[in-house]
Amino acid sequence: MSLENLYKIGLTDPFKQEATMYESLYLARVSVQHKHLYKVITEKGEIQAEVSGKLGFFAKDNTDYPVVGDWVMVDRMDDCGGYAIIRQILRRRSVFERKAAGTSQQSQIVAANIDTVFICMSLNNNYNLRRLERYLSIAWDSRATPVVVLTKSDLCDDIPTKLAEVYSVAIGVDILVTTSISDDGYTGVNKYLGKGQTVAFIGSSGVGKSTLINRIVGYEVLATKEIGGGDKGKHTTTYRQLLALPGGGVVIDTPGMRELQIERADLSKSFSDIEELSKNCRFNDCTHQTEPGCAVSEAISTGVLSVERYNSYKKLQAELKYQGLNSRQLEHEKINRMFGSMSGMKQAKSFFKEKNRRR
């Protein structure tokens, strides 16, 4: 492999220029991420690597460690004498980030330096517009371009209706319909691929990401399993990995996500219809509840805007507002929402007093 081949897997002149700041180190891209070990692609090929002690010492949280898609600086281009050492992470130009699963308050970067993020949703039991809104909100914030990929179209009896529903929430986003049972059932994805392009596949477990990637790559590079009971696919990807495509460019495969908690999101783009409606409200600080002249309430009453979509918007707004708060701060925020501004402190104090008395 040569520097020219690094361009094929996404190297750009800004990354190359930034790399010149680090003498005696070599440019590489993270291709596989395990807990403590990595694989990186250098000019001479793929090697194993680990982070330096200094990089680990100064890391404040998970986001300060390398992730798949990162461009990094390593101390060697082969691992004959032991693992290569990752000493520096170059500045990321896009990141798909979520709150880490479980009770941890840390964020987790799923993949970095992506051009296009394919949000995969199958047209069987996995179909869920509210989940799609959540994915789109994070994708728009990532600085990558989101594309919705509807998989398993052969299992859907009414594709036009489903498409209309998806278009109503994926505003300004390309939507592709795919199937794995025909040779041309995935070709719509090809126009987003090519030399230097990085695409990532994101979605719930079992939506068919691995099957689709195998079709794109041209051979069975990823393990797949048959659909289980109730039309539910079985996911097989257990770690993130970057795969070079024969025609240039790379695809990033990610494990299926059973939950997608928001760390950061761009609701102004994912809910641009509601944002536009809000501009026509009589009052600038309209809460869209009981105020006269509320364009959002009118849109709901006339059926222009579904109440389910509006509730999803409010739910995501609340999640973003509560990010980073401790349990006591969360409780205060919820009290404020319950009582609003009308003699709020007085009612809140009464609420807390009664609550503490019962403990």
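The values are calculated or read from the model by the stated rules, or taken from the named source; none is laboratory data. Note that the coordinates shown come from a computational prediction; the quantities given were computed from them, not determined experimentally. Counting neighbours? That spans all protein chains shown, and the Cβs are built from the backbone with ideal geometry, glycine included. Side chains included, ligands, DNA and RNA excluded: accessible areas come from the protein's heavy atoms. Shrake-Rupley method; radii C 1.70, N 1.55, O 1.52, S 1.80 Å.
Summing Lys and Arg as +1 and Asp and Glu as -1 over all other residues whose Cβ lies under 12 Å from the Cβ of Ala295 gives a net charge of -3. Note on surface exposure: Tyr7, Tyr313, Tyr65, Tyr167 rank Tyr167, Tyr65, Tyr7, Tyr313 by accessible area, highest first, 1.4 Å probe.
Computed with a 1.4 Å probe over protein heavy atoms only, the accessible area of Ile262 comes to about 0 Å².
Enumerate the residues in the stretch 259-289 having an amide nitrogen under 19 Å from the point lying 7 Å beyond the Cα of Ile175 toward its Cβ. Correct set: 269-275. Rolling a 1.4 Å probe across the protein heavy atoms gives the stretch 43-176 an accessible surface of 41 Å² per residue. Label zone (His34, point 7 Å along Cα-to-C-beta; backbone nitrogen cut-off 14 Å) within the stretch 61-89: 83-84. Taking each of Lys209/Lys314; Lys195/Lys269; Lys60/Lys209; Lys44/Lys191; Lys60/Lys99; Lys279/Lys314 in turn, the alpha-carbon distance tops 21 angstrom for Lys209/Lys314; Lys195/Lys269; Lys60/Lys209; Lys44/Lys191.
Could you give the length gained by full extension between Asn128 and Lys321, i.e. 0.36 nm per residue of separation minus their alpha carbon distance, to one decimal place? Let's see the in-between values first.
Numbers: separation 193, 0.36 × 193 = 69.48 nm, distance 2.39 nm.
Additional length available on full extension: 67.1 nm.
Between Asp61 and Tyr167, how high is the FRET efficiency from 1/(1 + (r/R0)^6) when r is the Cβ-Cβ distance and R₀ = 41 Å? Nearest 0.05. E between Asp61 and Tyr167, to the nearest 0.05, is 0.65.
Computed with a 1.4 Å probe on the full set of protein chains, the accessible area for Ser24 sits at about 100 Å². Dipole orientation for the stretch 1-112: of the candidates Val74, His36, Gln48, His36 has the Cα lying most toward the positive pole (charges on Cβ; Lys, Arg +1; Asp, Glu -1).
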